[in-house]
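Data first, discussion second: the structure below is written as structure tokens.
The values are calculated or read from the model by the stated rules, or taken from the named source; none is laboratory data. All of these numbers come straight from a predicted model, not from anything done at the bench. Positions of Cβ are generated from backbone atoms using ideal geometry, with glycine treated the same way; all protein chains shown enter the neighbour counts.
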Amino acid sequence: MSIPHSAQRQPDRQPSAWHGQGFSLIELMVGLVIGMATILVIMQVFTLSEGSRRTGVGGDDAQTSGAIALSSLQRDIRQGGYGLSRFRLIGCNLLLPAGWTVAAMAPVTINPPDIPAGDADTDTVRVAYGNSASASPDGVRISAQPGTPVYVVSTVPAFARTDQVIAVAPTRPTPCNLTLEPVVLDTAANPVTVGSGVAGVTGGLLFNLGPRPQILAYAVRGGNLTVCDYWVHDCSAAADTTNPAVWTPIGSRVVSLRAQYGRDTTAAPMDAIVDVFDQATPNTACGWARVFALRVVLVARSAQFDKAVVTRSAPTWSGSAAQPVTLSGIADWQHYRYKSYETTVPLRNMVWQGAQPGC
């Protein structure tokens, strides 16, 4: 009897040795090496991409901060001296209606004596100008003074109630202390009446600075460009330098402000051409009449901290020989990126006066 083929006993099959052992050690090591190489390539690409992003974002960040801050400062500097650039006023101490005094008032003053210093190795800048739309910048002659607060002038329509005026005697006083006070009555006709008045100004001049003269102090405080308005606050108060309600931040991460006067140094008579840039603050009216421009630089810092040193030296500018930008007082300053903004702003209200006789 034959046994069917399907029922015949088949030989036992032994499992393959490969299927029983899994990956070999060599195969695992090769896989690890390939994986590590892949990770290293990915990390290198990420590092390069992140570095490029930090450079771009950091530069854009500093550029935006610096541009906004410079725009504000430059706008006010251009206006400097409007309505108060004449010999009778310039360089005098001015008592404001609020009760505090602006020392040695001028169109633009670098490091004025009454303003507390800003951050280390930075400058402060004060700008002053009027905002009258109708008054003569040369002032109006005071023909009579019936009473101390009453001035008879020739062009009354140039004055209105709340306008701020300065009465100046025929001869510039020594020391030169002036008072700014408001017109208290509507002046459709003579005289012009103010609050208290200044005695002995018959034959002198009455200057109208408009209803809201601008006297602004700029300083770098706590790594920000800040501004203080003399009309509202006593900017000379050292106790208020950290008060953001007094010194208002207008440019974040601005770490340096440096400035220089553009002066005509030609021996008398002057030729109204800028010869040098320096920080020599004038102490005479003729000295101020020779200042025709302000050169200024702002340095902005990125917000991004880099682990590596990305800035090895502080930015330079045209005035670095005398007033360099110094950042060493800032912790880890080399781990940030910086952008400097430099400009020369003509003081147009001084330029329009031209060369002054006797100067």
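Worth a mention:
- Residue match in the range 219-236 (condition: surrounded by 16 or more Cβ atoms within 10 Å (Cβ to Cβ), without any contact (Cβ under 8 Å) to a residue 24 or more places away in the chain and farther than 18 Å from Ile77 by Cα): yes
- Residue that is nearest to Asp114 (Cα to Cα), among those in the range 251-295 that are free of Cβ contacts under 8 Å to residues at least 40 places away in the same chain and polar (S, T, N, Q): Thr265
- Among the criteria (1) loosely packed, with under 15 Cβ neighbours inside 10 Å; (2) in a loop (DSSP other than H, G, I, E, B), the one Gly197 does not fulfil is (1).
- Matching residues in the range 245-301 - criterion: being part of a loop (DSSP other than H, G, I, E, B), hydrophobic (A, V, I, L, M, F, W, C) and within 30 Å of Pro357 (Cβ to Cβ): Ala267, Ala268, Met270, Ala272, Ile273, Val274, Ala280
- Per-region count, the range 296-309, residues charged (D, E, K, R), in contact (Cβ under 8 Å) with a residue 40 or more places away in the chain and out of contact with any strand residue (DSSP E or B) (no Cβ under 6 Å at 6 or more places or on another chain): 1
Residue-by-condition table, conditions (1) of a type outside the set (A, V, I, L, M, F, W, C); (2) assigned to a helix (DSSP H, G or I); (3) modelled with pLDDT of 75 or more:
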{"position": "Thr47", "(1), (2), (3)": "yes, yes, no"}
{"position": "Gly51", "(1), (2), (3)": "yes, yes, no"}
{"position": "Gly59", "(1), (2), (3)": "yes, yes, no"}
{"position": "Thr64", "(1), (2), (3)": "yes, yes, yes"}
{"position": "Gln74", "(1), (2), (3)": "yes, yes, yes"}
{"position": "Ile77", "(1), (2), (3)": "no, yes, yes"}
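- The single condition among (1) surrounded by fewer than 19 Cβ atoms within 10 Å (Cβ to Cβ); (2) within 20 Å of the chain's Cα centre (by Cα); (3) assigned to a loop (DSSP other than H, G, I, E, B) that Ser136 does not satisfy is (2).
- Test: Leu178 is in contact (Cβ under 8 Å) with a residue 12 or more places away in the chain, in a strand (DSSP E or B) and among the hydrophobic types (A, V, I, L, M, F, W, C): yes
- Just one of the listed residues (Ala322, Ala355) is in contact with a strand residue (DSSP E or B) (Cβ under 7 Å, 6 or more places away or on another chain), in a loop (DSSP other than H, G, I, E, B) and in contact (Cβ under 8 Å) with a residue 60 or more places away in the chain, namely Ala322.
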